[in-house]
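See structure below.
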Amino acid sequence: MDGPDDLLSLFVGTPPPQPPSPGVVQSAPQAGLGGHPVTGMSPVASLILGDAEAAGISDVHHAGVPLNAPEFTYKVNDTQKENDTPPIEAQPITMYTTELAMSLARSVAVSRTFIAYGLKAGQIRVLHADTAVRALFRGHGAPITDMRFTSMSTDCDVLASASRDGRVFVRQVSSSNGGGEIEEKLVLAFTLAQGAQLAASSSSSSLGSATGATRDCPLVGDGTPAVQLAFVQNKSDVLIVAVDRYVVLVTVAALAVSLGVGGAADAAALPTLDPSGTMPMGASLLLTMDAPITAVTVNDAGTKLAIASNGYVHTYTLDGQAVTSRLPKWSPHPYSPVCHLSFLPSSVSRDEILLTGGAANKQIKLWTYGDSSAINTQTVNFISTEDDYAGGNGVEDIERYLATMDSPGVFNHVCFDPKRNMLVVANSRTSAMYCLVYRPEMAAFVALAEYELAMPILSLTIGETDDSEKVPIFCVQTQSIQHYTVSVATSEASEEGMSSAETFWRSQVSSAIASAAAATFPTKTEEASASPPAPVAPALLTPEALLRSSSDTVATATSPSAPAPGPAPTVPAPAPSAPTVPAPVSSSAPSLEDGGLKLLTRTGVASTGVASASSSAAGDGALAAELAAAVKRIEEAANKKLDRALAKMQDAAAKAEKKREEAERRLIESMEKRVDKAMDRTSKRLEEVLNHAVEASSVNAARTMQAAFRTCLAESLVPAFDAAAREMMGQVAKALVTSVGMTSAVSSSSSGASMTPASSAPAHTPVPSPSPMPTTSMPMMPAPSGGTIPTPAPPAAVMPECLRSIAAQLGESLTAANFNEAFQQVLSLTDLEGVVYMCRTCEPSAAAPELSQLVLLSLLSQLNTYMQEGKMMPGTPESSAVLSWIAEGSEAVDPSDQQFSAAARSILDGLNQTLRDTLTSVPGHADYDAVRRSAMAVHLALRAL
């Protein structure tokens, strides 16, 4: 790169600045400001073009939208947003490439002095914020899952880090000479047994996507549950470590003494802590949950603990290093895991507001809770209209969409800035960041602003600064470690929008939160032992006191010792200790279980005008009685008004409960209908498949029976009849040969003396020599000299020339039914015509079982070669004989013969492939059924091997 402007285009996503265009404001370097200590860039490269504040424009650009409803849904891919994307300050820290992965790991942490971020192999890079001096911390053997800074003193920070393999390190980080070399002091290091086991199991098995792991566990990288950390208080050495189902409380100094540090940083030297067993001094098992922990947080005071597990939020009270009481447990997000927890400040509730994030933090909710209940006060949903809502945009579809971790449109990281009261939400799917402005005095978010970035954010945290109007955001992106600065004023909505949102929350939410916060939930023991409240002395003159004062004045005036009449007496002021009569409390006053405020005391009602009138008519008892009646009527009217208000509240609660029950009923009915439809579709499809299978089976069965019948005829009946006929004709032929031979000898001797020339000699058939073999499977019968011999049936096959030399031996072997010797003689000649002749001559069902494995495998091999060379013509007797021998021969293969098992598998594999090629390459094969039967026999023989 040539200059800082080119570097700016890489990090910010804008091209290098060209000559100024209309409407684009560029910042010039300011005098007295040097380049950035880490990147060496000038201030012009640390601002996105168009920054209003840097340009000196006084008018603030309000880019936020008002949040003036209890539930607000923000579409992240809406291209027609009302407000333009606001400017944002960007300051690259360093270039570092990170693979884009949807992970909830917190791999960056900052303090006032240092910036730390995790590398791919588990190392931690630490930078000095002022001098850009860097250091590399080693020890972790897997990617970082959580990092936290805490300040122990002004010149020393403590960094706690955890990795996917269960290793936890606590280090003191400091710099010499106010910004020189970074010094590392290892305070504590150990390995969590559960973390190491989970890392080993995840590396040995393929978990696939984030949804392959358990539904309720946030995933880090390949699916290993994250080891999470939380300091109980800032500047404290008490650390909470959450792994799997366990919450461990660690006192760093005490555990360091128990384990001994010794500077060891390799895995072999790290001691192991097993929360399920006995742990050393300084570490204690705080809680054990029923399912893996997905989020953990502690409030700033260190008195409240919140844990998310199995879709539920569990809240506890902390006292020092122990859990003193268990507060409510509830499920904040239907069908969804809880991926984030944070305590938010509130000035209208006795406790902090709890923020929860659902699956992938697509749904953000605020909760106020007491000792036995929790109330959802605000909900913000982030959705993408490009994602699949499971078939529609109804309430059920949206809830199901919000409960999925792997939606392609939204995957949010959440971090809250308590100093500027800003919630930062970064979407890794769209390279966007959303800032929500929070008002503690209303306990609600009042505005939301979207900022477009050039690269997606993979992890983020909030930095420390004294500026109350600027939010410093440090984040890990795909190509850099970046520092963004967001203006609170810019993130707010317009003046009209902010007024609308604040008015709504003041009137609708704050009163409800204040009522819930003021209510207490006493136990039954406390209610039974509680004494009624002591009466409170009224600050004003009550009618009863006025009546008593008037009576005392009248008695004094009419007593015998009274002085002479004088000026009209005045009403003395009541003494501070004058007794009062507390007003009755209506039995219909709202109770705390009904959500109202308890009416402890009521004082009398009086005014200056009433007091003056009573003084002027002190002796008038009727006036006093009238005043008392008026007071009673006022109290009754007030009680009736309270009763009506309570009735309305109860009616509203009943309606809300009815709506909830109706929603649950509709949800159940919808689920039942969907299940019924799915069952119907499945049943119909199954029925169709079964019918098709039955039809196919019937057709196949018919074909099989036909093939079996044809095979039986071709292989059993016809060959048996043919063999019997040949045997019979052979016997007849032998007898005829003997007879003809004798006749020929006699004729030759008698005609030798009177031999005539050849031209005139009578024609006769000469006797053949007995040595040559006949040319057919049966001996040829010569015609006798004295007459004509009847012609026998046509021969079954013509003996090939290769077998004439061994015809006698073959005849003897076949006559003796020694098929193994006969086939061995023919196979040794390596002539395929002779092999096919033998297959046609011998019945395979009788001969194949008599062959040895050696001869049988040799025969199958040569028959395979015969088919491969294309010599087998479909529909011929040779084809039928060859296929029959392949089927019978395959069935005769002995799978227990270890000597030829390898050769048998090789030969049968080749034969199986040849048969399959025959079926597929020759459509409508004349011997299709026979080929299929042979292929099945070969397949079964292969399976037997």
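Data overview
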item: Residue among Ala663, Ala725 that alone is open to solvent by less than 60 Å² (accessible area, probe 1.4 Å), at pLDDT 85 or above and assigned to a helix (DSSP H, G or I); result: Ala663
item: Residue in the stretch 315-349 that is nearest to Ala374 (Cα to Cα), counting only those that are of a type outside the set (Ser, Thr, Tyr), surrounded by 21 or more Cβ atoms within 10 Å (Cβ to Cβ) and within 23 Å of the chain's Cα centre (by Cα); result: Pro332
item: Per-region count, the stretch 625-646, residues open to solvent by less than 50 Å² (accessible area, probe 1.4 Å), out of contact with any Leu (no Cβ under 9 Å at 6 or more places or on another chain) and among the hydrophobic types (A, V, I, L, M, F, W, C); result: 6
item: Residue within the stretch 666-683 that is part of a helix (DSSP H, G or I), hydroxyl-bearing (Ser, Thr, Tyr), within 29 Å of Arg400 (Cβ to Cβ) and in contact (Cβ under 8 Å) with a residue 60 or more places away in the chain present; result: yes
item: The stretch 481-508 residues that are within 14 Å of Pro66 (Cα to Cα), paired with ones that are in a helix (DSSP H, G or I) and aliphatic (A, V, I, L, M) (beta carbon under 9 Å, 6 or more apart); result: Glu492/Met498; Ala493/Ala501
item: Failed condition for Glu184, given (1) touching a Cys at 6+ places or on another chain (Cβ under 8 Å); (2) open to solvent by 30 Å² or more (accessible area, probe 1.4 Å); result: (1)
item: Residues of the stretch 84-114 satisfying the condition of being open to solvent by 10 Å² or more (accessible area, probe 1.4 Å) and in a strand (DSSP E or B); result: Glu89, Gln91, Thr94, Met95, Val110
item: Any hit, the stretch 132-149, residues being of a type in the set (Ser, Thr, Tyr) and modelled with pLDDT under 90; result: no
item: The one condition in (1) at pLDDT 90 or above; (2) part of a helix (DSSP H, G or I) that Asp917 fails to fulfil; result: (1)
item: Residue match in the stretch 211-229 (condition: modelled with pLDDT of 75 or more, open to solvent by 10 Å² or more (accessible area, probe 1.4 Å), in contact with a strand residue (DSSP E or B) (Cβ under 7 Å, 6 or more places away or on another chain) and assigned by the TED database to the domain that holds Cys156); result: yes
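Conditions (1) open to solvent by less than 30 Å² (accessible area, probe 1.4 Å); (2) part of a loop (DSSP other than H, G, I, E, B); (3) at pLDDT 90 or above; (4) out of contact with any Ser or Thr (no Cβ under 6 Å at 6 or more places or on another chain), marked per residue:
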site: Val835; (1), (2), (3), (4): yes, no, yes, yes
site: Cys839; (1), (2), (3), (4): yes, no, yes, yes
site: Ser858; (1), (2), (3), (4): no, no, yes, yes
site: Ser861; (1), (2), (3), (4): no, no, yes, yes
site: Pro874; (1), (2), (3), (4): no, yes, no, yes
site: Leu883; (1), (2), (3), (4): yes, no, yes, no
site: Gln899; (1), (2), (3), (4): no, yes, no, yes
site: Ala902; (1), (2), (3), (4): no, no, no, yes
site: Leu908; (1), (2), (3), (4): yes, no, yes, yes
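The values are calculated or read from the model by the stated rules, or taken from the named source; none is laboratory data. Since the structure is predicted, the reported quantities are computational estimates derived from the model, not experimental observations. Using ideal geometry, Cβ is built from the backbone for each residue, glycine included, and neighbour counts are taken over all protein chains shown. Accessible surface areas use protein heavy atoms only, side chains included; no ligands, DNA or RNA. Shrake-Rupley method; radii C 1.70, N 1.55, O 1.52, S 1.80 Å.
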